[in-house]
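Report on the following structure.
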Amino acid sequence: MVIVSETVQKYLLDFIRKKELKPADKLPSERELVNMLEVSRSSIREALQTLSEQGIVEKRPGKGVYVKKNPFQNSGEITQTLMMLVDFTSSLHLLELRQGVEGEIAHLAAKRIEKADIQILEQSIIDLEVCIKMDAPIIVPDLVFHNTLARSTQNGIILQVYNSIAEFFKKVRIEMATEDDVHQALYYHKEILQAVKAGDSERSSKWMREHIEDVKQHYQKMLNRLR
């Protein structure tokens with residue numbers, strides 16, 4: 001499964017809500033959204049087209065995309081729209097899968113990681129800190145961190161399985177993008193990195209499982225707010 005435009009639509013609606021954008025306020029460009037969300041431009045365009053047809057945004061050729069109306073004036077309507085866009089049960093199940101898969105990945109990475117990949121992990125944390133300071137999505141440094149750990153297992157089968165489901169994981173990341181507890185994410189990434197650098201497999205796995213459990217709880221809180 002690829003990242004579908006419905007997930008991007010939810011991100012854009014969340015973005016408008018969180019930033020309290022008003023009519024005539026400009027949204028990020030297609031290129032910026034591609035870079036922030038790590039999705040194809042076609043998915044971005046399809047999402048924007050749908051929101052344009054709904055009268056929520058307005059595409060101005062050569063100028064960009066602007067908010068046309070505040071979709072949160074009728075909170076019941078927008079909540080219903082968000083609920084229709086996301087299969088929340090499926091996403092919670094994906095997080096349960098992540099907890100098992102990535103717990104084992106962290107365990108093996110602590111035994112097998114090489115210096116070059118440690119440097120990539122360290123840089124991803126620096127990039128995550130920059131995103132926090134800029135109030136930007138942490139999707140890209142987060143994906144780099146977790147993908148690097150998967151590669152560091154040096155297990156071709158694990159990497160193949162991980163890559164085959166990575167798009168599913170990315171879907172959940174985008175759904176939560178504006179709801180992330182970014183400081184908690186930074187905290188867990190740092191603890192995981194220290195455990196991996198120390199070669200402590202048990203502690204690496206423990207911190208990873210706690211990290212995903214924290215994400216699950218945060219996702220459930222987001223779901224409860226929408227219901």
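A few points about this structure:
- Solvent exposure of Arg225, expressed as accessible area, is near 140 Å², computed with a probe of 1.4 Å over the protein chains only.
- Among the protein heavy atoms, those of Val39 account for about 20 Å² of accessible surface (1.4 Å probe, every chain in place).
- Rounded to the nearest Hz, the phi-derived 3J(HN,Hα) couplings of segment 121-135 under the Karplus curve 6.51 cos²θ - 1.76 cosθ + 1.60 (θ = phi - 60°) are 4, 4, 5, 5, 6, 4, 5, 5, 4, 5, 4, 5, 5, 8, 6, where x marks glycine and proline.
- Shape category assigned to segment 1-49 from the gyration tensor of Cα positions, a/c cut at 1.5: prolate
- Accessible surface of segment 83-227, 1.4 Å probe, proportion on carbon and sulfur as whole %: 53 percent
- Excluding ligands, DNA and RNA, the accessible surface per residue across the chain is 50 Å² with a 1.4 Å probe.
- Each residue of segment 151-166 was assigned a 3J(HN,Hα) from its phi angle through the Karplus expression (A = 6.51, B = -1.76, C = 1.60, θ = phi - 60°), giving 5, 6, 5, 6, 10, x, 5, 4, 5, 5, 5, 4, 5, 6, 10, 4 Hz with x at Gly and Pro.
- Each Lys and Arg Cβ is given +1 and each Asp and Glu Cβ -1; about its Cα centre, the chain then shows a dipole of about 520 debye.
- Highest-fluctuation residue, Gly100, Gly156, Gly199 considered, GNM on the chain with Cα pairs under 10 Å: Gly156
- Projecting label points 7 angstrom from Cα along Cα→Cβ for Arg112 and Gln217 puts them 3.2 nm apart.
- Anisotropy class of the chain from Cα gyration tensor, a/c 1.5 cut: prolate
- Rounded if a/c under 1.5, otherwise prolate or oblate - segment 153-199, Cα gyration tensor axes: oblate
- Relative contact order computed over segment 115-227 (Cα-Cα under 8 Å; 6+ residues apart), in percent: 25 percent
- Estimated FRET transfer efficiency (Arg225, Asp181; beta-carbon r; R0 22 Å; 0.05): 0.95
- Segment 192-206 - phi-based ³J(HN,Hα) in whole Hz, Karplus 6.51/-1.76/1.60, Gly and Pro as x: 4, 4, 4, 5, 5, 4, 7, x, 8, 5, 5, 5, 4, 5, 4
- For the chain, the relative contact order is 28 percent, taking Cα pairs closer than 8 Å that sit 6 or more residues apart in sequence and dividing their mean separation by the residue count.
- Span from the segment 121-135 Cα centroid across to the segment 168-227 one, whole angstrom: 15 Å
The values are calculated or read from the model by the stated rules, or taken from the named source; none is laboratory data. What you are looking at is a predicted structure, and each value in this text was computed from that prediction instead of being measured. Please note: Cβ atoms are built from the backbone with ideal geometry, for glycine as well, and neighbour counts cover all protein chains shown. Ligands, DNA and RNA are excluded from the accessible area calculation, which covers all protein heavy atoms including side chains. Shrake-Rupley method; radii C 1.70, N 1.55, O 1.52, S 1.80 Å.
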